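Input: a single structure, listed below in structure tokens.
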Amino acid sequence: MKEFERLHAMPESDFYRYEGMGDTIPLTLADTDFETAEEVAKAIRERAAFPLFGYVKEDKGWAEAIVSFYKRRHGLSLFSSCLRFSTGVIASLTASIRAFTAPGDKVAVCLPAYNGFLSTIPHNGREVLGIPMKRGNGSYSYDFEAMEEAFTSCRLFVYCHPYNPLGKENTFEETERILFLAKKHGVIVFSDEIHGEILRPGLTHDPIFAHELAKEVAIMASSPAKAFNLAGIQTSFAYAENPSLLEALGDALYADDCGEASSFAYVAAKACYESGDRYLDALNERIAKNEALFRDALSLFPFLHLVSGPATYLLYVEATEIEDVEDYLDYLKNVGGVAFSSGTLYGDKNHFRVNIAVPEATLQEAIRRFVTATKQYCSKR
């Protein structure tokens, strides 16, 4: 598909990831260099042609489109009455923090963690309760003993599913055990599933509401923003089947003015959920090919280890054998002309994250720069 072959986000555009980058290729912030689906762009153009952009009423078709999508794509039956509009997943998290915890409370999250979690929790006057992941055999796993201990002193757990920055699609058994512990200790699970549509071909995502216990203790939040490159549209949803959770969440979203849609938010999301399957399949094929290219490049350097799983378009690389990873990343950016995200953003200083959601030609050039600069860096040390 043409959307995945050309670089459209040039440094002179308003694309945030390229700000101040000059000729450097930034494989950093988690959005893509791909045009959104043509069906989505067409829906936005058609809405823009009607030049009234006042307050927007609720669109019932939006909820129906999400329900249909989850049934079609994930085999999961949702209830349209349990959906609430939100301007973003982090907005839904903020609403959940304020609705279900008090200032000074602890909010649990596994480490390494998406940096948005690590900033949002303290910004709302709560304390991050970190639960380190176990590392072994080239992958990460949950420390359920540490998790249960944490659940005895918190009310809310933020679950990244799939897991950013690890690129991990959590297993059915892992999610089931987390929900069991949450139910046991009276903890609410906020499940961020914004990367849920980005999986290697042949794999499937396991939404948290595929589990019976989720109906009691969980909130699911997602958005087409990551998969369809729509972060600037600010369209998202939150879902809960427990009536008390849903009511409190909805009230908190509206109290923070995050529960009202823009003129384009419903329109764009409906187009994604109604007509985006072909685009998603092509996106996942492109990401799989890009991952293979980057894996081949990493294999040239035995001191760099890919530890991410088969989800998201984010690769997580372990660089524990490099004495100063920050210095190495600065060298790649300032001398090599390619930028990655430091693991320090996620509470993990010996790693870095790579966004491979770019056209093949862009990635090939980024890889060339990465390989050349890494060899130069090693020769100087």
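Computed from phi, the 3J(HN,Hα) profile of the range 312-322 under the Karplus parametrisation 6.51, -1.76, 1.60 (θ = phi - 60°) reads 6, 9, 10, 9, 10, 10, 8, 9, 5, 7, 8 Hz, with x in place of Gly and Pro. Note that the range 278-288 has calculated 3J(HN,Hα) couplings of 4, 4, 4, 5, 5, 4, 5, 5, 5, 5, 4 Hz, one per residue in order, obtained from phi through the Karplus relation 6.51 cos²θ - 1.76 cosθ + 1.60 (θ = phi - 60°); glycine and proline are x. DSSP beta bridges fully contained in the chain are about 50 percent antiparallel.
Across all directions, the shadow cast by the convex hull of the chain built on its C-alpha atoms averages 18.3 square nanometres. Take every Cα pair under 8 Å whose residues are at least 6 apart in sequence, average their separation, divide by the length of the range 30-159, and the relative contact order is 19 percent.
Sequence-distant contacts, meaning Cα pairs under 8 Å at least 6 residues apart, place the relative contact order of the chain at 24 percent.
My understanding is that a pair violates if its Cα-Cα distance is over 18 Å; which of Lys168/Lys226; Lys71/Lys168; Lys183/Lys215; Lys57/Lys270 do that in this structure?
Numbers: Lys168/Lys226 16 Å; Lys71/Lys168 23 Å; Lys183/Lys215 11 Å; Lys57/Lys270 15 Å.
Correct reply: Lys71/Lys168.
Using a ≥ b ≥ c from the Cα gyration tensor of the range 195-290 (square roots of the eigenvalues), is it rounded, prolate or oblate, where a/c under 1.5 gives rounded and otherwise the larger of a/b and b/c decides, a/b for prolate?
Here the range 195-290 falls in the oblate category.
Each Lys and Arg Cβ is given +1 and each Asp and Glu Cβ -1; about its Cα centre, the chain then shows a dipole of about 260 debye. Phi angles across the range 155-164 convert, under the Karplus curve 6.51 cos²θ - 1.76 cosθ + 1.60 with θ = phi - 60°, into 3J(HN,Hα) values of 10, 9, 10, 9, 10, 9, 9, x, 9, 9 Hz, Gly and Pro given as x. A quarter of the convex hull surface defined by the alpha-carbon atoms of the range 142-219 gives 5.0 nm² as the mean projection. For the range 63-135, the Kirkwood hydrodynamic radius from C-alpha pairs, put into Stokes-Einstein at 10 °C and a viscosity of 1.306 mPa s, yields a diffusion coefficient of 111 µm² per second. Tell me, how many Å apart are the Cα centres for the range 331-361 and for the range 149-198? Taking the Cα centre of each part, the range 331-361 and the range 149-198 sit 26 Å apart.
Coordinate-derived values only; no laboratory data. Note that the structure is a prediction, hence the values are computed from the model and not measured. With ideal geometry, Cβ positions are generated from the backbone for all residues, glycine too; neighbour counts draw on all protein chains shown.
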